[in-house]
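Every number in this text was worked out from the coordinates using simple rules, so none of it is lab data. The shown structure was predicted, so the numbers you read here are calculated from the model rather than taken from an experiment. Ideal geometry is used to build each Cβ from the backbone, glycine not excepted, and the neighbour counts take in all protein chains shown.
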Amino acid sequence: MEKIQTKCLIIGSGPAGYTAAIYASRANLEPIVIEGLQPGGQLTTTTEIENFPGYPNGITGPEMMEELRSQASRLGADIRTGVVTEVDFSVYPLIAKTDSGQVYSAQSVIIATGATAKYLGLDDEKKYAGMGVSACATCDGFFYRKKVVAVVGGGDTACEEASYLSNLASKVYLIVRKDYLRASKAMQQRVFDNPKIEILFNTNTVGLFGDNGVEGAHLVKFKGTDQEESLDISIDGFFLAIGHKPNTDVFKQFIDLDEQGYIKTVGVTTATNVPGVFAAGDVADPIYRQAITSAGMGAKAAIDAEKFVISHK
Ligand code: NDP
């Protein structure tokens, strides 16, 4: 297969990747976007987005990503399915290889591979994968209409997912390991005010049970203290909402990462430690992780890439 030359290779297709593609296209970088495992990124598994400017009545995640994709495509971005499985950033032009064996030789690379949902690490999560265990309420909530579900986590995602599921399920347990929620005050209030949501504070999940899919969870309250107490709850669905891991494994041989695996960028720019490689969105942002901040970083990355390509002609 012949190597494909490009001025700008964008890896990932969330708000950061598509916005980078929009800017890079308008800067005549003729970008190629490799969409990755989840075209459109995490937002394709979100319900209503109310906080992205320009949508006064809100918009669903999949709809917004489709709009960003078509905007990038209309401006000339070459959007391709595929997953980057290997890179070589020790050479220039930079090299990236996809799962189909296609090799790209790029004058600049923008990494916008996002982050992936974390699991607790219980064997039962694997055992019941697709049989009651999910990390995406919007994808799988439909299956739990009038049933009982549990959501693990105390952040904004967990509260949002619990609220969403409460519109479908008959009851939602919110399993929180600390004695408080980490979510924003508004989100907390929404959960506290919802009669269908029961919050189990100071509670850890240690296992799941059921003969035909998940039928319940083994929980421990006040784990590791003298008040420790075991209890089981009957549930039909178990949803994880305990944060995300940045998708940086493919790049870690070349790119400097922080202790959590997020890409380190230089100052206020999107530059990484490798000249010509830039990073945008959740993959490089352990703090804000919003669609709008990711999109902003995508724009910055394309501007940084344009300057780099021009100065390395
Ligand atoms: P967070 O990191 O904010 O929260 C993760 C939650 O999961 C915490 O309550 C944490 O507990 C808990 N947790 C982590 N590991 C475990 C474990 N092993 N067992 C049990 N519980 C665990 O992640 P989110 O995904 O909720 O949010 C990420 C970012 O995205 C945040 O900045 C958030 O504000 C933002 N966000 C914004 C939204 C919006 O504005 N509409 C919607 C969703 C997310 P502990 O507190 O004990 O560490």
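Between the beta carbons of E2 and D88, assuming R0 = 22 Å, the FRET efficiency works out to 0.80 to the nearest 0.05.
Roughly how big is the range 233-313's charge dipole about its Cα centre, with Cβ charges of +1 (Lys, Arg) and -1 (Asp, Glu), in debye to the nearest 20? Present the calculation step by step, with values, prior to reporting the outcome.
On the way: 7 positive and 9 negative charges, 58 e Å.
About 280 debye.
A straight line joining the Cα centroids of the range 15-84 and the range 271-313 runs 15 Å.
With +1 on each Lys and Arg Cβ and -1 on each Asp and Glu Cβ, and nothing else charged, work out how big the dipole of the chain is about its Cα centre, in Debye to the nearest 20.
600 debye
The label-point distance for K264 and S105, in a model that sets each label 7 Å from Cα toward Cβ, rounds to 3.2 nm.
Here's the picture: charge each Lys and Arg Cβ at +1 and each Asp and Glu Cβ at -1 in the chain, and of Y180, T225, S100 the one pushed furthest to the positive end of that dipole is S100.
Cβ-to-Cβ counts within 10 Å put I111, I287, I22, I79 in ascending order as I287, I79, I22, I111, the fewest first. Where only DSSP H runs of four or more residues are counted, the chain gives -7000 deg cm²/dmol as its mean residue ellipticity at 222 nm, each run worth -39500 (n - 2.57). Counting other Cβ atoms within 10 Å as a rough exposure proxy, the listed residues D282, D140, D179 run D179, D140, D282 from fewest neighbours to most.
Let me know the shape class of the range 1-121, please: from the alpha-carbon gyration tensor, a ≥ b ≥ c as square roots of the eigenvalues, rounded when a/c is under 1.5, otherwise prolate if a/b is greater than b/c, or oblate. Cα axes put the range 1-121 in the oblate bin. Taking 4.7 Å between beta carbons as the limit, the unpaired Cys residues of the chain are C8, C159. Rounded to the nearest 5, the antiparallel percentage of DSSP beta bridges internal to the chain is 45%.
For Cα pairs less than 8 Å apart in space and 6+ apart in sequence, what is the mean separation divided by the residue count of the chain, i.e. the relative contact order in percent? List each step's numbers first, then the result.
Values: 744 pairs, mean separation 66.3, N = 313.
That works out to 21 percent.
For K126 and K221, the FRET efficiency from 1/(1 + (r/R0)^6), where r spans their Cβ atoms and R0 equals 22 Å, is about 0.30.
The modelled label-to-label distance between S234 and Q290, using points 7 Å beyond Cα along the C-beta direction, is 4.3 nm.
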